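Below: one structure, written as structure tokens.
The values are calculated or read from the model by the stated rules, or taken from the named source; none is laboratory data. Keep in mind that this is a model prediction, so the values were computed, not measured. So basically every Cβ, Gly included, is an ideal-geometry build from the backbone, and we count neighbours across all protein chains shown. These accessible areas exclude ligands, DNA and RNA; they are computed on the full protein's heavy atoms, side chains included. Shrake-Rupley method; radii C 1.70, N 1.55, O 1.52, S 1.80 Å.
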Amino acid sequence: GRKFFVGGNWKCNGTTDQVDKIVKTLNEGQVPSPDVVEVVVSPPYVFLPVVKSQLRPEFQVAAQNCWVKKGGAFTGEVSAEMLVNLGVPWVILGHSERRALLGESNEFVGDKVAYALSQGLKVIACVGETLEQREAGSTMDVVAAQTKAIAEKINDWSNVVLAYEPVWAIGTGKVATPDQAQEVHASLRDWLKTNVSPEVADSTRIIYGGSVTGANCKELAAKPDVDGFLVGGASLKPEFIDIINSAT
Ligand code: 13P
């Protein structure tokens, strides 16, 4: 079986005081054992060392991005090697905010995923369509093209979690219905089966992101192809503990 996965993407939020409070809430929360649910929180780069050192050991950390190749003269970037050096096991790549606001193409995201994996990082790779694309009926074409750009550059999927995050659901309060999420997750799994392998399709976690809350997570988690969540806004609040508990 695929172990349930809950990621908390803090995005560009937090002061040192707020980070202390969130970590305290996470450390005090009653959650299922790490055999049942894998929990990964992703603070901004500058807070990674402090969060990693203060967080309960069964929770892991992720960076929200990293550079596409070996470090060097790339002002403002953080390399995969640096994350490995700090003991950060995970990185989020291809988030829609970076695709849309920073112009990251499918190909660039594919290159980033391949490089991060080659350095030993585990990757949460994000895909998802805009409202315009959904209304045009091209949801599956869009997410398949995003996934293909990754699949072309990697062989080993064992350290990849695929996050389906419809852009229209991110930060809007308009969560996908459980049926909408299930439909795309099942199609993505089918795409992996046809284009990668049945084994990879069966073992790869496909998680949902976009306005997940403590109130709507249970219904989504009940769907057979929803293997967890990537949570934005609610990952900064105590209800993140409820979302972790939707694993059981
Ligand atoms: P929200 O949960 O705030 O909608 O954000 C989702 C997301 O983008 C997680 O990566």
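Taken about its Cα centre, the chain carries a charge dipole of about 440 debye when Lys and Arg each add +1 at the Cβ and Asp and Glu each add -1 at the Cβ. Mean shadow of region 116-163, computed from the convex hull of its alpha carbons, in nm²? One quarter of the hull surface, i.e. the mean projection, equals 3.4 nm². Split the accessible area of the chain by element, probe 1.4 Å, and carbon with sulfur accounts for 52%. The Cα-based radius of gyration and maximum Cα-Cα distance (Dmax) for region 154-237 are 13.0, 39 Å.
Between Glu183 and Lys3, the C-beta separation translates, for a Förster distance of 25 Å, into a calculated FRET efficiency of about 0.65.
Largest accessible area first, the residues Lys11, Lys218 order themselves as Lys218, Lys11 under a 1.4 Å probe with ligands, DNA and RNA left out.
Compared with the direct C-alpha span, the chain from Glu107 to Leu86 gains 4.8 nm at full extension, assuming 0.36 nm per residue.
With N counted as the residues of the chain, its alpha-carbon radius of gyration over 2.2 N^0.38 Å works out to 0.94. Mean-square fluctuations from a GNM of the chain, with a 10 angstrom spring cutoff on Cα atoms, peak among Leu93, Leu102, Leu162 at Leu102. Region 182-248 and region 113-139 have their alpha-carbon centroids 14 Å apart.
Hydrodynamic estimate: the Kirkwood radius of region 1-147 over Cα pairs, inserted into Stokes-Einstein at 10 °C and 1.306 mPa s, corresponds to D of 96 µm²/s.
What does the net charge come to around Ile92 if you take all other residues with beta carbon closer than 13 Å to its beta carbon, with K and R at +1 and D and E at -1? All intermediate terms of the calculation are to be shown ahead of the outcome.
Working: positive: Lys11, Arg98, Arg99, Lys112, Lys122; negative: Glu97, Glu104, Glu165.
Result for the neighbourhood of Ile92: +2.
Which whole-number value in Å² is the accessible area per residue of the chain, probe 1.4 Å?
For the chain, the solvent-accessible area averages 45 Å² per residue.
Could you size up the charge dipole of region 1-84 around its Cα centre, putting +1 on the beta carbon of Lys and Arg and -1 on that of Asp and Glu, and report it in debye to the nearest 20? Display every interim value, and only then the final one.
Details: 9 positive and 8 negative charges, 38 e Å.
The dipole magnitude comes to about 180 debye.
Residues Thr147, Thr177, Thr75, ordered by accessible area of protein heavy atoms at a 1.4 angstrom probe radius and largest first, appear as Thr75, Thr177, Thr147. In this view, the solvent-accessible surface of Ser203, computed with a 1.4 Å probe and all protein chains in place, comes to about 70 Å². A simple count of charges around Lys223, restricted to other residues whose Cβ falls under 14 Å of its Cβ and scoring Lys, Arg +1 and Asp, Glu -1, yields -1. Using r as the Cβ-Cβ distance of Glu58 and Ser203, and R0 as 25 Å, what FRET efficiency do you calculate, to the nearest 0.05? The pair Glu58/Ser203 has a calculated efficiency of 0.70. Assuming 1.567 mPa s and 4 °C, estimate D for region 76-196 with Stokes-Einstein, Rh taken as the Kirkwood radius over Cα pairs, in µm²/s. Calculated translational D: 86 µm²/s. Annotation: for a label point projected 7 angstrom from Cα along Cα→Cβ of Asn195, residues of region 104-146 with backbone N closer than 13 Å are 106-107, 110, 127-128, 139-146.
From largest to smallest, the equivalent ellipsoid semi-axes obtained for region 1-86 from the alpha-carbon gyration tensor read 25, 17, 10 Å. Since only Val160, Ala136, Ser118 are under comparison, the one whose Cα sits farthest along the positive direction of the charge dipole of region 116-188, derived from C-beta charges on Lys, Arg, Asp and Glu, is Ser118.
Nearest 0.05, what FRET efficiency do Ser158 and Asp17 give at R0 = 45 Å with Cβ-Cβ as r? Result of the calculation: an efficiency of 0.70.
Pairs spanning more than 23 Å between alpha-carbon atoms, out of Lys122/Lys218; Lys3/Lys122; Lys112/Lys223; Lys3/Lys218: Lys122/Lys218; Lys112/Lys223.
In the chain, a dipole from Cβ-located charges (positive for Lys and Arg, negative for Asp and Glu) runs towards its positive end, and of His185, Pro57, Val109 it is Pro57 whose Cα lies farthest in that direction.
Could you pull out the chymotrypsin sites (Phe, Trp or Tyr not before Pro) across region 59-159 that fall in loop regions by DSSP (anything but H, G, I, E, B) with no more than 12 other Cβ atoms inside 10 Å?
Here the sparse-neighbourhood loop sites are Phe74.
Net charge dipole, region 152-213: roughly 160 debye, given to the nearest 20, about the Cα centre with Cβ charges of +1 for Lys and Arg and -1 for Asp and Glu.
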